[in-house]
Amino acid sequence: MPSDVCPVETTLDLIGGKYKALILWHLAGKKLRFSELRRVITSATPKMLTQQLRELETQKLIHREVFPVIPPKVEYSLTQTGKSLLPILTAMRDWGAEYLRKKSIEPNCFMMTSDPAGSGTIM
């Protein structure tokens, strides 16, 4: 193991993809199918969403369950490790909202009305 292992860099490697944080946020407390994720993350192309989901699965942050039906049904959910990132995502949302407000910009997105970490803090 290298002697230079940075925990912040490790965290960013895990959630730093363009849509990874959004995927994790949307999976908080529920299971979603690919089509449902596409519906809520509209800026992601199917190819990019698939890539980000595969990376999150490889990193063991999400679980992919395939049901043996025709047509195939696949559901995504958070693993325990994925759930452990929710307080970090909430802190990022709160910090970003405060930063925007200091610049006289009112944050306005779906994250402002939900609290996946269950902390009770909704800005």
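Computed from the coordinates by the stated procedures, all read-outs in this text should not be read as laboratory data. Note that the structure is predicted; figures quoted are calculated from it, not measured. Counting neighbours? That spans all protein chains shown, and the Cβs are built from the backbone with ideal geometry, glycine included.
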Per-region count, the range 19-34, residues touching a strand residue (DSSP E or B) at 6+ places or on another chain (Cβ under 9 Å) and of a type in the set (Gly, Ala, Ser): 2
Of everything in the range 13-36, what is of a type outside the set (Val, Ile, Thr) and under 15 Å from Arg93 (Cβ atoms)? Give them in sequence order. Lys20, Ala21, Leu22, Leu24, Trp25, His26, Ala28
Index of the failed condition, Val69 passing every other in (1) surrounded by fewer than 16 Cβ atoms within 10 Å (Cβ to Cβ); (2) within 17 Å of the chain's Cα centre (by Cα); (3) β-branched (Val, Ile, Thr): (2)
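Glu9: loosely packed, with under 12 Cβ neighbours inside 10 Å and charged (D, E, K, R), yes or no? Don't jump to the end; show me each part of the working.
On the way: loosely packed, with under 12 Cβ neighbours inside 10 Å: yes; charged (D, E, K, R): yes.
Against the criterion (loosely packed, with under 12 Cβ neighbours inside 10 Å and charged (D, E, K, R)), Glu9 qualifies.
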Just checking, which of Thr90, Thr42, Thr50 is out of contact with any His (no Cβ under 7 Å at 6 or more places or on another chain), among the polar types (S, T, N, Q) and exposed (fewer than 11 other Cβ atoms within 10 Å of the Cβ)? Thr42
Quick one: how many residues across the range 62-121 are hydroxyl-bearing (Ser, Thr, Tyr) and farther than 23 Å from Leu37 by Cα? 4
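Within the range 63-85, does at least one residue satisfy the condition of being in contact with an Asp or Glu (Cβ under 6 Å, 6 or more places away or on another chain), in contact (Cβ under 8 Å) with a residue 40 or more places away in the chain and among the acidic types (Asp, Glu)? Can you show your working first?
Keep residues of the range 63-85 that are in contact with an Asp or Glu (Cβ under 6 Å, 6 or more places away or on another chain), which gives 64-65, 75.
Next, from what is left, pick out any that are in contact (Cβ under 8 Å) with a residue 40 or more places away in the chain: 75.
Next cut, among the acidic types (Asp, Glu) only: 75.
Yes; the residues of the range 63-85 include at least one that is in contact with an Asp or Glu (Cβ under 6 Å, 6 or more places away or on another chain), in contact (Cβ under 8 Å) with a residue 40 or more places away in the chain and among the acidic types (Asp, Glu).
State all residues of the range 24-42 that are free of Cβ contacts under 8 Å to residues at least 12 places away in the same chain and either among the aromatic types (Phe, Trp, Tyr) or farther than 23 Å from Gln80 by Cβ (or both); if no residue qualifies, say none. Explain how you work it out, then say what you get.
We begin by selecting, within the range 24-42, every residue free of Cβ contacts under 8 Å to residues at least 12 places away in the same chain; these are 35-36, 38-39, 42.
Ser35, Arg38, Arg39, Thr42 - these are the residues of the range 24-42 that are free of Cβ contacts under 8 Å to residues at least 12 places away in the same chain and either among the aromatic types (Phe, Trp, Tyr) or farther than 23 Å from Gln80 by Cβ (or both).
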